Amino acid sequence: MIVYLVRRVGQSLLAVMAMAVLVFLGVFFIGNPVDVLVSPEASQAQIAATVERLGLDRPLYEQFGIFVWNALQGDLGTSFVYGRPALEIILDRLPATMELALVALALSVGIGIPLGVWAGLRPDSIAGRTIMGGSILGFSLPNFWQGMLLILVFAVLLGWLPAGGRGETTEFLGMQVSFLTWDGLSHLILPAINLALFKMSLIIRLARANTREVCMQDYVKFARAKGLSPRRVVLVHVLKNIMIPVVTIIGLELGSMVAFAIVTETVFAWPGMGKLLIDSINLLDRPVIVAYLMLTVLIIVGINLLVDVIYSLLDPRIRLSEMKG
Amino acid sequence: MTEIATPAPVRIDSPAKRIAKQFVEDPIAVIGLILFVLIALIAIAAPWIAPQNPYDLMQLSIMDGGLPPGETSFATGQTFWLGTDQQGRDMLSGIMYGLRISLMVAVVSLTLAITIGTIVGVAAAYFGGRFDSIVMRIVDLQLSFPAILIALILLALLGRGVDKVILALVIVQWAYYARTVRSSAMVETRKDYIDAARCLGLSNRRIMFRHLLPNCVPPLIVVATVQIAQAIALEATLSFLGVGVPITEPSLGLLIANGYDYLLSGRYWVSVFPGIALVVTIIAINVVGDRLRDVLNPRLQT
Amino acid sequence: MSALLDVCDLQTHFFTRDGVAKAVDKVSFSLEKGQILGLVGESGSGKSVTGFSILGLVDPPGRVAGGQVIFDGTDLIAGGEPVMRSLRGKRIAMIFQDPMMTLNPVLRIDTQMVETVRAHENVSKAEALRRCREALVQVGISSPDERLKSYPHQFSGGMRQRVAIAIALLHKPDLIIADEPTTALDVTIQAQILSEVQKLCAQSGTALIWITHDLAVVSGLADRLAVMYAGRIIEDGPTAAIIANPRHPYTRGLIDSVPQGKRHGAMLTQIKGMTPSLLNLPQGCKFAPRCPRADAACQVEPALTPAGPDRQVRCHHPHADHEATP
């Protein structure tokens, strides 16, 4: 297990390193780093200071060393627009994005798994077919378009919920969160649903396919032959088996949710990292873009690592083979 | 005179014919296919069938700005069946031109991505060893990050433009094809006839493309239909976010984004109609793709 | 004395796209307490479906379409799911063919055993565990405590089948339905399991339905045999009588295709052709196309008729006693 963990952590670090090299090359090699990293309005003295600080007059590998060294110390440059460290600005926005992503994940899992299992147990029923049809729509329609429809229906036509913004926030565990006040919650509902729909469709399809597969297995029949209640057969024997692939997907999707939040945050003007990224791209605030990229890579790789560990805890067979291997 | 009785020839349908036969058994798939062909024809013929050229400023009148569907033009008297946008542009024409750009971007990027992915995938499977493991490491690394994130970052660094969107889509997509082609080619390389072909002294290139490649086509088609819908959606999303195509060549996604501000004030048509066009296109392709997957996947046929 | 199990005109049909497959077609047999019945047939003859039908475990598109299954005075088919479930695992237990597939791979053995105890009896976990240990010892598994904490993949096939048998024995059932439980095992393990099951049934007075395609296995075990072909019983009676004097040409074919020590060097005879598809059965006697004795009379399906003491056969031209193989 420890060997496995060490190897997995090593692979993750390698992935982060590879992305760091790509980002570095993207910024320092393709473009002129002075243009990229120094504000267009900067004075000659400021430019000279930056060149000095980043070692832009030195060889490429030394520049990379400085880039990595600075990054490790949390220095990913200074925003042109806000005049503050880019990482700091992003970390300010992180809680909003994480709140949105986690609520959306909870929604997609909490609704997606039961619906998928239901559709898998009764694939030919009307409910089963409706669930599948709905999931195909949720799966194939672009995210931003679903978000716009939600706004059109619930904010413009019905007027039940606000169309954008984050609403009132309160402090919770040292972070500003929305879900504790009614105003904040009402602002959270539509974006969370929007972000959840796509993943929910994925989870429904996956849960349904796996439920069908597991239900055909002898051990499910044997569980019934032992006289277990249908409840126990589904909730223990079927569910535990489908959880292995589903947890994998959920974990991988949490990472992509942080990325997909870019779209949802833009549609609903949700003040998270994703909205910040789009604003920064439009304002050419490149240090923020670089910082966003590095942080997101770190989050995604970290989540993938976590998923693998959970996965190995869930499936005793993998635990064994990995320990041997 | 004796006639020699010839046995009636046994008709064996070619694979393409069999697939076509099975495909049409599902009426929904047929509707999807018809819709898609129709959409493709509209996109190709847009300059000739659109009521106006929405990007010829001479044809636009600011007087016609923001008209709801069904109103007539103050300037020319023509009817705007789907309304107009702020500049008095006929939405129907805008959608036709937008479809053209959306589909063009998707098809071009698909073609390039398939070509690159196939060559890399077949070569990886055929040569194996170091080359294979390096290529597949890159593919795995790339696929572990969401496509939209990669495309967004590329465009943030490259700037807007049709060519840049296409480049981003190719970079995002080639990995899917490389993986698909490699895994089906791997199955084939282990079979004896490839060894036999090597013994015959056939060139590597000939073995790869005449023997390996044909076996990779069915899974490739399935992945391609899924991916082209994804490409259209991704391009629309990027353009919606303002990092995709430039405003001079608006795709459906950009049209939707342009109308987005008016959505809240009740002028739904500027945004909703291009959206419907986009959604119908994507659904039609998905329906066709689903059916193709069922027909082409021999594992599901019993 | 009334029978423990009385199956009467049981019909199980599979409603497929290509038509209705009558997997079990008016099957009747009965079983006394403590008796062992061998249900014999090729794959596709409906023997396994018969076993599943008794417990109401037929998966869609299959459905029990008619008949009665009377267990200890209760009609299980009429009683439906609630009645069946109260009996499953409690008074009627089942052992499956492939021990690699019958235990849930992601649950520990103790979970899978304890849940069986507690599905029928409201006992403490400690008490349930005690019973599980007892059952494991009974089937010859040493160090049960350690075994209980393992996952199925840590066991060999034979061990897993022993666990499955232990689970079946947990409630000391009146009837065990064993669906080819030794087919997937090594020959040496087969013999061990076979003799153990026999011993356990004799000790506890449990009746047993042993479903198999292997006459050699079941002939040393069963009191009675019922031979199935294409969803029907074509011959039944006491084991010794059937083995000595098979009446139905199909039964005779099955017996002749088993190698026997005393006929060393003799050619094995085989049954020509293949089992017919249930969707496309011949008119009349279902075995006629493969039968050396078939003639015009076989265009009409024969009924199951008495053929000696306590025996029945479904054939127009049954073999007489001690008749030589043609």
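The values are calculated or read from the model by the stated rules, or taken from the named source; none is laboratory data. Computed from a predicted structure; not experimentally measured. Because the Cβ atoms are built from the backbone with ideal geometry, glycine has one as well, and the counts that use them run over all protein chains shown.
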Taking the stretch B:274-295 and keeping residues under 13 Å from B:Asp26 (Cβ atoms) and at the interface with chain A (Cβ under 10 Å from one of its Cβ atoms) leaves B:Val287, B:Gly289, B:Asp290
Those residues of the stretch A:105-158 which are small (Gly, Ala, Ser) and within 14 Å of chain B (Cβ to nearest Cβ) amount to A:Gly133, A:Gly134, A:Ser135, A:Gly138, A:Ser140, A:Gly147, A:Ala155
Scanning the stretch C:279-291 for residues that are closer than 19 Å to C:Ala303 by Cα and hydrophobic (A, V, I, L, M, F, W, C) gives C:Leu281, C:Cys285, C:Phe287, C:Ala288, C:Cys291
Taking the stretch A:126-142 and the residues there that are part of a helix (DSSP H, G or I) and not small (Gly, Ala, Ser), the one that is farthest from B:Thr237 (Cα to Cα) would be A:Ile126
I'd like to check something: does the stretch B:254-273 contain any residue that is crowded, with 23+ Cβ neighbours inside 10 Å, within 12 Å of chain A (Cβ to nearest Cβ), outside any helix (DSSP H, G or I) and of a type outside the set (Lys, Arg)? no
Taking the stretch B:215-246 and keeping residues among the hydrophobic types (A, V, I, L, M, F, W, C) and facing another protein chain (nearest Cβ under 10 Å) leaves B:Val226, B:Ala229, B:Ile232, B:Ala233, B:Leu234, B:Ala236, B:Leu238, B:Phe240, B:Leu241, B:Val243
Of the residues in the stretch C:294-316 that are in contact with an Asp or Glu (Cβ under 9 Å, 6 or more places away or on another chain) and in a strand (DSSP E or B), the one that is nearest to C:His248 (Cα to Cα) is C:Val313
Inside the stretch B:184-211, the number of residues satisfying the requirement of being without any contact (Cβ under 8 Å) to a residue 60 or more places away in the chain and of a type in the set (S, T, N, Q) is 2
The helices (runs of 4 or more DSSP H) lying entirely within the stretch C:41-155 that contain at least 1 residues which are in contact with a Lys or Arg (Cβ under 7 Å, 6 or more places away or on another chain) and within 14 Å of chain A (Cβ to nearest Cβ) are C:99-102, C:109-120, C:125-138
If we keep only residues of the stretch C:226-266 that are among the hydroxyl-bearing types (Ser, Thr, Tyr) and at pLDDT 85 or above, then the residue farthest from C:Gly38 (Cα to Cα) is C:Tyr250
Those helices (runs of 4 or more DSSP H) completely within the stretch A:188-304 that have 1 or more residues that are within 14 Å of chain C (Cβ to nearest Cβ), over 30 Å from A:Leu72 (Cβ atoms) and not aliphatic (A, V, I, L, M) are A:218-225, A:239-267
Flagged in the stretch B:102-146 as of a type in the set (A, V, I, L, M), free of Cβ contacts under 8 Å to residues at least 40 places away in the same chain and away from chain A (no Cβ under 14 Å), in numbering order, are B:Ile119
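Yes or no, residue by residue, for (1) surrounded by 14 or more Cβ atoms within 10 Å (Cβ to Cβ); (2) under 22 Å from the mean Cα position of the chain (by Cα); (3) within 26 Å of B:Val226 (Cβ to Cβ):
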{"site": "A:Pro95", "(1), (2), (3)": "yes, yes, no"}
{"site": "A:Met98", "(1), (2), (3)": "yes, yes, no"}
{"site": "A:Leu137", "(1), (2), (3)": "yes, yes, yes"}
{"site": "A:Ser140", "(1), (2), (3)": "yes, yes, yes"}
{"site": "A:Phe144", "(1), (2), (3)": "yes, yes, yes"}
{"site": "A:Met148", "(1), (2), (3)": "yes, yes, yes"}
{"site": "A:Val153", "(1), (2), (3)": "no, no, no"}
{"site": "A:Val156", "(1), (2), (3)": "yes, no, no"}
Yes or no: A:Trp145 among the aromatic types (Phe, Trp, Tyr), at pLDDT 85 or above and in contact with a Phe, Trp or Tyr (Cβ under 9 Å, 6 or more places away or on another chain)?
yes
Scanning the stretch B:133-173 for residues that are modelled with pLDDT of 85 or more and of a type in the set (Lys, Arg) gives B:Lys164
